[in-house]
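Please read the structure below before turning to the comments.
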Amino acid sequence: MTGELKMLQPNSREDTNLSPVSKIEIYSFFDPFSKDCFKLSAILSKLRIEYKQYIRVRHILNPSLRVLTKCQAQSTSELDNIALAYKAAELQGRVRAERFIHLIQNEIIPKRDIITEEMVNDCICNAGLDYSVFKEDLKHNKLKESLQVDLHIAREMEINEAPSLVFFSEDVHEEGLKVEGLYPYHIYTYIINELMGHSIEKELPPSIERYIQYQQLVTKEELLTIYEWPEKVLDKELKKLALQQKVEKMDCLEGNFWKSKI
């Protein structure tokens, strides 16, 4: 896996105000059709668990001409244009929007399917989005205006590929660090510790039952990244929870998802 690390000037950031508990702000630029971006989403979930009081992640669909053209080419209407659909999902909260795009990626990446309205409808439902509100939001030009804002941010940060992460410390006078491409997990933890200026004691993940209950819907690959267990151990734990009627395997999605029943 290849990538590049670059320093950015401090004025490249759009918003320098961080919440009191967010010491590192991470801008994540992704391409919904990219396998590396899909793999990075699980890594970011793990970072959020282990460094939850030190980081804040902002996901931005890479608004490059190539990505937006692909979104348009893969769609038959505004409903299945992933760029617009993601921006509409964002209006109902970033957590639901991230879950929505994660579901979409689980559909299009393993199967290389053309996006359909039926696929989008299923992902809207599984992500907990309000369908009527979602459809109404798609009619407004504010979605395209929001994409223009993202394009401005991407240009300011000189984003040329996805995935790309840009790390900023709380000190607005410090330069940001841009990471292009996909790296092993420890590289990202090293960057966080370096920007903080000292080693950080990582938080342990919750029980797998609690994690699935909180996320509501997870992939097996995500769980393998979060817990770093051998696959056989993970399979055994999932089967145990299924027998206890706490989770269920969603066969309609070809077994890619496990859903909480609690």
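The values are calculated or read from the model by the stated rules, or taken from the named source; none is laboratory data. Just so it is clear, the structure is predicted and the values come from calculations on it, not from any experiment. Cβ sites come from the backbone with ideal geometry, for glycine too, and all protein chains shown count toward neighbours. Quick note on the areas: whole protein, heavy atoms, side chains included, nothing else; ligands and nucleic acids left out. Shrake-Rupley method; radii C 1.70, N 1.55, O 1.52, S 1.80 Å.
A few comments on the model shown:
- Strands (runs of 3 or more DSSP E) within the stretch 159-262 that include 3 or more residues of a type outside the set (Phe, Trp, Tyr), under 25 Å from GLN53 (Cβ atoms) and open to solvent by less than 40 Å² (accessible area, probe 1.4 Å): 164-169, 176-181
- With respect to the conditions (1) in a loop (DSSP other than H, G, I, E, B); (2) closer than 28 Å to ASP80 by Cα; (3) at pLDDT 90 or above, HIS140 lacks only one, and its number is (3).
- Test: residue in the stretch 29-39 that is modelled with pLDDT of 80 or more, within 15 Å of GLU203 (Cβ to Cβ), open to solvent by less than 20 Å² (accessible area, probe 1.4 Å) and not in a loop (DSSP other than H, G, I, E, B): no
- Of the residues making up the stretch 109-129, those that are open to solvent by 10 Å² or more (accessible area, probe 1.4 Å), in a helix (DSSP H, G or I) and within 24 Å of ARG58 (Cβ to Cβ) are ILE109, ASN126.
- Test: residue in the stretch 59-74 that is closer than 21 Å to PHE168 by Cβ, open to solvent by less than 10 Å² (accessible area, probe 1.4 Å) and outside any loop (DSSP other than H, G, I, E, B): yes
- Check on GLU228, without any contact (Cβ under 8 Å) to a residue 12 or more places away in the chain, closer than 15 Å to TYR185 by Cα and charged (D, E, K, R): yes
- Pairs with Cβ under 6 Å, 6+ apart, first in the stretch 102-118 and within 12 Å of LYS35 (Cα to Cα), second open to solvent by less than 10 Å² (accessible area, probe 1.4 Å) and modelled with pLDDT under 75: none
- Per the listing SER77, SER132, the residue uniquely surrounded by fewer than 20 Cβ atoms within 10 Å (Cβ to Cβ), at pLDDT 90 or above, more than 14 Å from the chain's Cα centre (by Cα) and of a type in the set (Ser, Thr, Tyr) is SER132.
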